[in-house]
Amino acid sequence: MRSLLAGQHTSSTNSSRMGFFLARDRCYSEQKRVCGDDLPPLHYDQLKDLSLLDRCLKETLRLRPPIMTMMRMAKTPQWASTPFLQDTRCVSPTVNHRLQDTWSERLDFNPDRYLHDNPAAGEKFAYIPFGAGRHRCIGENFAYVQIKTIWSTMLRLLDFELVNGHFPAVNYTTMIHTPRNPIIRYKRRKTQPQQ
């Protein structure tokens, strides 16, 4: 039950954030290219072909991971230059996803960084929005399907824009880091998809 609830909050938070980052015109064009100009109902098999939408989601998760830190208990003593005396270890996706040595243009939203090889492949834990190792979130694949389905539907129906260029800051006062004051303007598209 805990995983289900965690997934609910993180998926909704990441769906919200993605709206502020999306390369909307390009993603809408991709919908038409992959699914057809008349935008028939979306099928599960088409989700894998929405590569730009997938890259936008990855980049959203990189820049705004839903959880600030992940903590684990060490079962054996750990050593670096000095011994760690505590049993708890902590890793921060927020920090790791912006490491200067790993990510070029690390503060910029650039979904095209995932066009070729994984940019974080050379550095362990450089990209960990769903955790890592045996405690990695089992809902990762479901989250991708869910968020891509939500945004495919919304992109087909609505056109989005920032209000006065407002891009929300991160609300660090909650466990799942939500956007603070998320305001976005939307209007129904003139051309609607088939039902």
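What the table shows:
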quantity: Average projected area [Cα convex hull, region 11-68], square nanometres; calculated: 4.2
quantity: Taking region 87-195 and dividing mean pair separation by its residue count, relative contact order in percent (alpha carbons under 8 Å, at least six apart); calculated: 18
quantity: Crossing angle, helix 140-157 versus the chain [Cα axis fit, 0-90 degrees, rounded to tens]; calculated: 30
quantity: From phi via Karplus (6.51, -1.76, 1.60), per-residue ³J(HN,Hα) for region 43-52 in Hz, x at Gly/Pro; calculated: 10, 3, 4, 6, 4, 5, 8, 8, 5, 5
quantity: By accessible area with a 1.4 Å probe, ligands and nucleic acids excluded, highest first: order of S104, S51; calculated: S104, S51
quantity: Share of alpha-carbon pairs per 5 Å distance bin for the chain, given as whole %; calculated: 1, 7, 14, 17, 19, 16, 11, 7, 3, 2, 1, 1, 0
quantity: 222 nm mean residue ellipticity, helices alone, for the chain (DSSP H n ≥ 4; -39,500 (n - 2.57); rounded to 500); calculated: -11500 deg cm²/dmol
quantity: About the Cα centre, charge dipole magnitude for region 93-171 (Lys/Arg +1, Asp/Glu -1 at Cβ), debye; calculated: 360
quantity: Selected from F125, S152, M71, residue furthest toward positive end of dipole (the chain; charges at beta carbon); calculated: M71
quantity: Nearest-ten-degree value, helix 24-35 long axis tilted from longest Cα axis of the chain; calculated: 70
quantity: Excluding exposed DSSP-loop GluC sites (Glu not before Pro) (at most 16 other C-beta within 10 Å), longest clean stretch of the chain; calculated: 1-104
quantity: Highest-first arrangement of 169-175, 109-115, where packing means the average Cβ count within 10 Å; calculated: 109-115, 169-175
quantity: Formal net charge of residues neighbouring R156 (Cβ-Cβ distance under 14 Å; K, R +1; D, E -1); calculated: +3
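The values are calculated or read from the model by the stated rules, or taken from the named source; none is laboratory data. Not measured: the values here are computed from a predicted model. Neighbour counts are summed over all protein chains in view; Cβ atoms, including those assigned to glycine, are modelled from backbone coordinates with ideal geometry. The area values use the complete protein model at the heavy-atom level, side chains included, leaving out ligands, DNA and RNA. Shrake-Rupley method; radii C 1.70, N 1.55, O 1.52, S 1.80 Å.
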